[in-house]
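Taking it in order: structure first as structure tokens, then the write-up.
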Amino acid sequence: MQTTNDTPKENKIVYSAIQPTNIVTIGNYLGAIKNWVALQYDYDCFYSVADLHSLTVYMEPATLRKNILDLYAMLLACGIDTNKVSFFKQSSVVEHSQLAWVLNCYTYFGEARRMTQFKEKSTNAFTGFIQQVGDVFNIKERNTSTVVGRDNVNVGLFAYPILQAADILLYNAGHVPIGADQKQHLELSRNLAERFNSRYSPTFVVPEVLIPKVAAKINSLDEPTKKMSKSNTNPNSMILLIDEDDVIVRKIKRAVTDSDGNIENSDKKPGISNLLKIYSAFMDCKVDNAVAEMQGKTYSQFKSILADVVVSKIRPIREKFVELRADKQYLQDCMDSGAEKAKLVASKTMNKVYRKIGIQ
Ligand code: ATP
Ligand code: MG
């Protein structure tokens, strides 16, 4: 794991979250969740299902309700222990929204506009909107400049990293286990904490990022230069933790590679390099060691070894998920008691903030 500076060594508080936009992928698992599980033994961890963040993408209410329980059950299946951590639904702790509003007022428009996730997601939202319009009117040749409106690009998407800063700062978290795609957002959280502290007096802990070395960014199986994302509309781009064994094998078999047949880790070979990364992250080894191990194998032999590894790691998680997901009341009770624990800390921070800024 990679860390930055500044946070006192003795800070043992962790915060992280995942949006309920779909069941999690192996990218989420290797990039974030594995660290969540490892940290729970030595740190005071606050983990949430970021339902407020997921509102930035429209979902049917019934789908969102289902996704929240799915995600909660899946994280328990991955090994999150509610006796050790506070694991809750973000919207159940109203302080997240309250602090987000305060921080909105301390964030410059220009710095929010520089966030690359906003640029990417707003482009995707716009493209999706154009596709929908095209489909409705059966337009084959689409000229994007003639389509009116950016209906799916909402203010929430723009303010997304500020809500994320509120999440982290509420719990005085010194450590935030995330994938590399969230590093820029964490920088914003750090800047906001420092800005607030210097305008008033020390209030927030300046958080450090925890990014895994190998699995910082697992890429899409069909477009291996892009990040694997659970909200991608192409199911073949990702492996989900609920995928059945045969589905995993099929997705790995059809993963895009190149045609030269050499197993190497290189920017020029994003497909095979991504598969090597997935293999190494699941096997907890260095990519160089995986490359050495696979020398002399064909792509197809390597893919079949990789598929066996991924299947053997995911199968027990999937089976546990099915068992946990059947008990809705248990999940609800865990979520509620997680929120109660989180609220104890969040409300103290919020009172302190309101006092410092002068509205209490
Ligand atoms: P969405 O497409 O809805 O944004 P996502 O797959 O990006 O979904 P998030 O809920 O945004 O998932 O992120 C949850 C956590 O997983 C974050 O810490 C993020 O950095 C990490 N993460 C997401 N995708 C990857 C990936 N491909 N590789 C490594 N880490 C990832
Ligand atoms: Mg994301």
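So which trypsin sites (Lys or Arg not before Pro) in the range 267-353 end up in coil per DSSP with only 14 or fewer other C-beta atoms within 10 Å?
Taking the range 267-353 and a limit of 14 other Cβ atoms within 10 Å, the loop trypsin sites (Lys or Arg not before Pro) found are Lys268, Lys286, Lys297.
Relative to the first principal axis of the alpha-carbon coordinates of the chain, what is the inclination of helix 95-104, with its axis defined by its Cα atoms, in degrees from 0 to 90 and to the nearest 10?
90 degrees
Mind jotting down the three principal axis lengths of the chain based on Cα atoms? Whole angstrom, largest first.
Reported extents, whole Å, longest axis first: 67, 54, 42.
So what are the three principal axis dimensions of the range 27-98 from its Cα atoms, in whole Å, longest to shortest?
Largest first, the range 27-98 extends 37, 28, 20 Å along its Cα principal axes.
With +1 on each Lys and Arg Cβ and -1 on each Asp and Glu Cβ, how big is the dipole of the range 309-360 about its Cα centre, in debye rounded to the nearest 20?
380 debye
Using a simple spin-label model with points 7 Å from Cα along the Cα→Cβ vector, what separation in nm is obtained for Gln184 and Ser312?
3.9 nm
Name the most mobile residue of Gly79, Gly261, Gly110, meaning the one with the largest mean-square fluctuation, in a Gaussian network model of the chain with Cα contacts below 10 Å.
Result: Gly110 has the largest fluctuation of those listed.
Using the Karplus curve 6.51 cos²θ - 1.76 cosθ + 1.60 with θ = phi - 60°, what ³J(HN,Hα) values do you get for each residue of the range 211-222, in whole Hz, with x for Gly and Pro?
10, x, 5, 7, 9, 4, 8, 8, 9, 5, 6, 9
Rounded, prolate or oblate for the range 269-352? Axes are the square roots of the Cα gyration tensor eigenvalues, ordered a ≥ b ≥ c, and the cut-off for rounded is a/c under 1.5.
Numbers: a/c = 4.88, a/b = 2.10, b/c = 2.33.
Since a/c reaches 1.5 but b/c is at least a/b, the shape of the range 269-352 is classed as oblate.
Which of these, Phe204, Phe109, Phe321, has the largest mean-square fluctuation under a Gaussian network model of the chain (Cα springs below 10 Å)?
Phe109
From the helices alone, meaning DSSP H stretches of at least four residues, give me the mean residue ellipticity at 222 nm for the chain, per-run term -39500 (n - 2.57), in deg cm²/dmol to the nearest 500. Before the final figure, lay out the partial values.
Working: 13 runs with 186 residues, N = 360.
Here the helix-only value at 222 nm equals -16500 deg cm²/dmol.
For the range 160-183 and the range 42-76, what is the centre-to-centre distance using only Cα atoms, to the nearest Å?
16 Å
For the chain, with a Gaussian network of springs between Cα atoms less than 10 Å apart, report the residue from Asn289, Asn35, Asn172 with the top mean-square fluctuation.
Looking only at Asn289, Asn35, Asn172, the biggest GNM fluctuation is shown by Asn289.
Bear in mind that the values in this text are calculations on the coordinates, not laboratory data. Keep in mind that this is a model prediction, so the values were computed, not measured. With ideal geometry, Cβ positions are generated from the backbone for all residues, glycine too; neighbour counts draw on all protein chains shown.
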